1. How many residues, within the range 34-44, are in a helix (DSSP H, G or I) and surrounded by fewer than 16 Cβ atoms within 10 Å (Cβ to Cβ)?
2. Of the conditions (1) modelled with pLDDT of 80 or more; (2) assigned to a helix (DSSP H, G or I); (3) in contact with a helix residue (DSSP H, G or I) (Cβ under 7 Å, 6 or more places away or on another chain), residue 156 satisfies every one except a single condition; which number is it?
3. Please state which of the following conditions residue 201 fails to meet, knowing it meets all the rest: (1) at pLDDT below 70; (2) part of a loop (DSSP other than H, G, I, E, B).
4. For the range 59-88, name all the residues that are touching a residue at least 40 places away in the same chain (Cβ under 8 Å) and closer than 15 Å to residue 10 by Cβ.
5. Can you go through 51, 78, 30 and tell me which one is closer than 30 Å to residue 181 by Cβ, buried (at least 17 other Cβ atoms within 10 Å of the Cβ) and in the same structural domain as residue 119 (by TED's automatic domain parsing)?
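The values are calculated or read from the model by the stated rules, or taken from the named source; none is laboratory data. Predicted model only: the values in this text are computed from it and were never measured. Neighbour counts run over all protein chains shown; Cβ positions are idealised from the backbone, glycine included.
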């Protein structure tokens with residue numbers, strides 16, 4: 001059933017985002033081809049930048065919209081009749097947000113590759129080959145590998161914590177009989193203050209040290225993990241026990 005929920009959200013958001021991503025890739029190709037014409041290249045670069053910003057904004061808006069409409073709006077009557085637990089609904093929404101975030105990153109990377117491939121001044125396919133060879137020739141020592149893995153895991157957990165914080169804020173705002181948007185905004189600010197308190201309570205700086213030992217790494221991971229658990233619990237409690245779709 002989780003797969004069906006993800007498929008439903010993926011199709012709904014994809015109908016809007018895939019054309020935008022496609023336009024980004026086309027703009028990237030044209031940007032590479034027009035590198036020798038300064039005026040045309042500048043115009044296409046502006047178009048590409050606008051599409052990139054639009055894709056980022058639309059991704060955030062659509063993910064939030066799906067959460068609100070499916071679980072807190074009129075569609076909630078139908079969604080909660082499906083034999084799926086509230087936790088599964090929340091997990092599906094969080095996973096959907098992460099998947100689309102990853103797709104966005106991959107499209108940006110692919111567009112960068114296309115610019116290099118179609119721009120003769122950057123070496124074209126040969127330039128890509130040289131970049132790939134340089135990447136494979138890099139040898140990381142065990143400490144660097146540990147730091148790289150830590151950075152990836154921390155990044156995923158941080159983004160997940162942000163998504164769950166947004167969902168929890170919206171859920172708290174939904175409890176207000178009026179001015180729910182204001183309630184969600186105030187809840188988000190309150191959660192942000194809680195995060196700073198949590199960080200200071202654990203004894204971490206907002207910006208981690210460049211070199212981390214295992215204890216510090218675990219402490220850094222603990223902050224987003226606690227946020228995910230807290231925000232997930234708040235969202236589940238409101239949707240499962242306090243939800244009012246009227």
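1. Qualifying residue count for the region: 5.
2. With respect to (1) modelled with pLDDT of 80 or more; (2) assigned to a helix (DSSP H, G or I); (3) in contact with a helix residue (DSSP H, G or I) (Cβ under 7 Å, 6 or more places away or on another chain), residue 156 is out only on (3).
3. So residue 201 meets the others, but not (2).
4. Once the filter is applied, which keeps residues that are touching a residue at least 40 places away in the same chain (Cβ under 8 Å) and closer than 15 Å to residue 10 by Cβ, the range 59-88 yields 59, 62, 63, 66, 67, 70.
5. Within the list 51, 78, 30, the selection yields 51.
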